[in-house]
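The values are calculated or read from the model by the stated rules, or taken from the named source; none is laboratory data. Source: prediction; values computed, not measured. Positions of Cβ are backbone-derived with ideal geometry, glycine not excepted, and every protein chain shown enters the neighbour counts. For accessibility, only protein heavy atoms count, side chains too; no ligands or nucleic acids. Shrake-Rupley method; radii C 1.70, N 1.55, O 1.52, S 1.80 Å.
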Amino acid sequence: MSAPTTTAGAEPMTHRRTLEALSGLLLVLFVALLSSTVVSTALPKIIGTLNGSQTQYTWVVTATLLTATATTPIWGKLADLFSKKLLIQLAIVVFLLGSVVAGFSQSAGQLIAARAFQGIGVGGLQALVQVAIAAMIPPRERGRYNGYLGGVMALATVGGPLLGGLIVDTSWLGWRWCFFVGVPVAIIALVLLQATLKLPVVRRENVKIDYLGSALIAAGVSLLLIWISFVDSSFAWISWQSGVMVAGSIILLALAMVVEKRAAEPVVPLEIIRERTTALAILGSLAVGMAMFGGSVFLGQYFQIGRGYTPTEAGLLTIPMMGGVLISSIVAGRLITKSGRMKPYIVFGSIVLVIGFALLGFIDHETSLYLIGAAMFLVGIGVGMTMQNLVLAVQNTVSLKDIGAASSSVAFFRSLGGTIGVSVLGAVLARRVTDQITHDLSAAGVPTSGMGETSNLNVTALPDAIQNIVRAAYGDATGHIFLISAVIAVVGVIAALALKPVTLRTSIDLPESVKSAAVAADAVDGAPPFDEVNLDDGRERAATGR
């Protein structure tokens, strides 16, 4: 058994006590992941039933990612100031309310609004679970426990699509239970957290939350995504609407940077994200988020609309990707804990991710399922070896008091990447599908008005001849967005290669001598700040990082 872990101000935690404390956190993580995966295969039928458009399909996912992105750094900053346990429980309550409202939605617009509110809770959960784990377990041991995180991720990502498919395929349940199903699980998580999670409470006087900075970031990103979603369909690339939206987004984000630089308690601390390891991990997370979220969210749509499978069958067909996540996260986590080194696994995973997406880039509506399954398995391996370990790389470089801001910064940019990825790839897919359907209908001598008011996503309500055209259009267009995902993922490879090799520390917090040396270095003009710690043979050193 490994040595007991310790938290600042708390008695040592044995492996058993750590697992008990992790139980509620892992269940919380499962609930947050389930909220996205359970609708991944059900969403085509949900939007089809609500007679929504491809743009609304994209925004059901984007709305959650957007609000999660905007609120993640706020939750992380609050975790450095208040009770982490209480904040996690509050995030669960917000998530619960959003789930219930989403389940009662009567239109695609109402569903998008409910999912946006739900994303506030998701933002808290995805940041605070990482923060709580970092407050309990040293970075060196954390690689071992990342295997448990990977198992939960795989269970949610495998079980979610299957569960969502079964729900919508079961007549006496219906799609609304895709949102209701997480409610009892979240309630159980609340009870478990109350009983098992014991963390020291950090309280500081004169707390200042940078609401202005977070509002400017959210507004800037939102305006940019709205432009991406509607450009070239509602208005031209070169038009006054494009000019206003792009210029407005740039101005808002520039103002956000000014506010963050001057804020007493910035929501995205610039001094932390400028550190080399943090900056590279953020860049890698941005690329991984864009590729993973942007690509995987459309797999369920491809199998159902492009290939004609039921939601349950679509869930089963995504198992290879989730199996890759499970295997790689557990194996890599164990090896990282054993060696204390993470860079080789991050580099390898980012390369495999590019290869997987590149293979998916050649699929169409007739591609062999064996080839698709192999490509998805590679994508899963890449995600499992990079996502959690990029967060771990950042957590290893900062003090315990900054762990919330650092962890949430990585989660923020990963969600931002996912939000942009889903919006951009969704817009590309919608445009290509519309053009292809229009072309094929004209070639077949069928007027485009022949579809009436029926949504493209409600395929079963269309005449057989038009069904075939719609399925072929979706199946052939999906490959193009995976090629774009592969190109984006190359940025993650570059960031991984640029990471400095470092051995993970074995303490919860940075040693006092190292922190003092870092402070002294910062006090000297031109001196490099503390970035990395190597405790492999008992030596402590401060390394350049800016």
Original post:
What do you reckon, is residue 320 part of a helix (DSSP H, G or I), out of contact with any helix residue (DSSP H, G or I) (no Cβ under 7 Å at 6 or more places or on another chain) and modelled with pLDDT of 80 or more?
Top reply: no
**OP:** Run residue 200 past the list (1) modelled with pLDDT under 80; (2) assigned to a helix (DSSP H, G or I) and report the number of the one that doesn't hold.
**Re:** (2)
**OP:** Give 305, 336 a once-over and let me know the one that is within 17 Å of residue 57 (Cα to Cα), open to solvent by less than 20 Å² (accessible area, probe 1.4 Å), out of contact with any Asp or Glu (no Cβ under 6 Å at 6 or more places or on another chain) and touching a residue at least 24 places away in the same chain (Cβ under 8 Å).
**Re:** 305
**OP:** Taking residue 181 as meeting all but one of (1) at pLDDT 80 or above; (2) more than 25 Å from residue 63 (Cβ to Cβ), write down the number of the exception.
**Re:** (2)
Original post:
Within segment 37-70, how many residues turn out to be among the aliphatic types (A, V, I, L, M), open to solvent by 10 Å² or more (accessible area, probe 1.4 Å) and under 19 Å from residue 94 (Cα atoms)?
Top reply: 4
**OP:** May I ask you to verify whether residue 352 is surrounded by 18 or more Cβ atoms within 10 Å (Cβ to Cβ), touching a Leu at 6+ places or on another chain (Cβ under 7 Å) and within 25 Å of residue 128 (Cα to Cα)?
**Re:** no
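Sort through 281, 287, 256, 264 and tell me the only one that's free of Cβ contacts under 8 Å to residues at least 60 places away in the same chain and surrounded by 18 or more Cβ atoms within 10 Å (Cβ to Cβ). Steps first, please.
Numbers: 281 fails: free of Cβ contacts under 8 Å to residues at least 60 places away in the same chain; 287 fails: free of Cβ contacts under 8 Å to residues at least 60 places away in the same chain; 264 fails: surrounded by 18 or more Cβ atoms within 10 Å (Cβ to Cβ).
The match here is 256.
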**OP:** From (1) free of Cβ contacts under 8 Å to residues at least 24 places away in the same chain; (2) buried (at least 24 other Cβ atoms within 10 Å of the Cβ); (3) among the charged types (D, E, K, R), pick out the condition that doesn't hold for residue 435.
**Re:** (2)
Original post:
Residue check: is residue 445 modelled with pLDDT under 80, outside any helix (DSSP H, G or I) and farther than 30 Å from residue 85 by Cα?
Top reply: yes
Original post:
What pairs can you find where one residue is in segment 462-489 and more than 22 Å from residue 420 (Cα to Cα), the other is at pLDDT below 85 and among the hydroxyl-bearing types (Ser, Thr, Tyr), and their Cβ atoms are less than 8 Å apart, with a gap of 6+ or different chains?
Top reply: 462/454; 467/460
Subject >> Search result, residues across segment 368-386 that are without any contact (Cβ under 8 Å) to a residue 40 or more places away in the chain, surrounded by fewer than 21 Cβ atoms within 10 Å (Cβ to Cβ) and either among the small types (Gly, Ala, Ser) or not in a helix (DSSP H, G or I) (or both) >> reply: 368
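Restricting attention to segment 104-117, does a residue exist that is crowded, with 24+ Cβ neighbours inside 10 Å, part of a helix (DSSP H, G or I) and at pLDDT 80 or above? Full working, then the answer.
Start the filter on segment 104-117 by keeping residues that are crowded, with 24+ Cβ neighbours inside 10 Å, which leaves 111, 115.
Subset that is part of a helix (DSSP H, G or I): 111, 115.
Going one step further and asking which of them are at pLDDT 80 or above, we end up with 111, 115.
Checking segment 104-117: at least one residue is crowded, with 24+ Cβ neighbours inside 10 Å, part of a helix (DSSP H, G or I) and at pLDDT 80 or above.
Looking at the structure I just gave you, is residue 130 out of contact with any Asp or Glu (no Cβ under 8 Å at 6 or more places or on another chain) and either open to solvent by 30 Å² or more (accessible area, probe 1.4 Å) or at pLDDT 85 or above (or both)? Explain how you work it out, then say what you get.
Details: out of contact with any Asp or Glu (no Cβ under 8 Å at 6 or more places or on another chain): yes; either open to solvent by 30 Å² or more (accessible area, probe 1.4 Å) or at pLDDT 85 or above (or both): no.
So residue 130 fails the test.
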**OP:** Filter segment 58-99 down to the residues that are part of a helix (DSSP H, G or I) and aromatic (Phe, Trp, Tyr), then identify the one that is farthest from residue 428 (Cα to Cα).
**Re:** 75
Original post:
What are the pairs, 6+ residues apart or on separate chains, where a residue within segment 239-253 that is under 12 Å from residue 226 (Cα atoms) and open to solvent by 60 Å² or more (accessible area, probe 1.4 Å) has its Cβ under 6 Å from a residue that is part of a helix (DSSP H, G or I) and β-branched (Val, Ile, Thr)?
Top reply: none
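The rows are residues; the columns are (1) open to solvent by less than 30 Å² (accessible area, probe 1.4 Å); (2) closer than 24 Å to residue 303 by Cα; (3) touching a residue at least 40 places away in the same chain (Cβ under 8 Å); (4) not in a helix (DSSP H, G or I).
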| residue | (1), (2), (3), (4) |
| --- | --- |
| 155 | no, yes, yes, no |
| 160 | yes, yes, yes, no |
| 164 | yes, yes, yes, no |
| 188 | no, no, yes, no |
| 192 | no, no, yes, no |
Original post:
Conditions: (1) within 21 Å of residue 419 (Cβ to Cβ); (2) at pLDDT 90 or above. Residue 125 meets all but one. Number of the miss?
Top reply: (2)
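Regarding residue 471, is this residue closer than 21 Å to residue 231 by Cβ, of a type outside the set (A, V, I, L, M) and at pLDDT 70 or above?
Values: closer than 21 Å to residue 231 by Cβ: no; of a type outside the set (A, V, I, L, M): yes; at pLDDT 70 or above: yes.
No: the conditions fail for residue 471.
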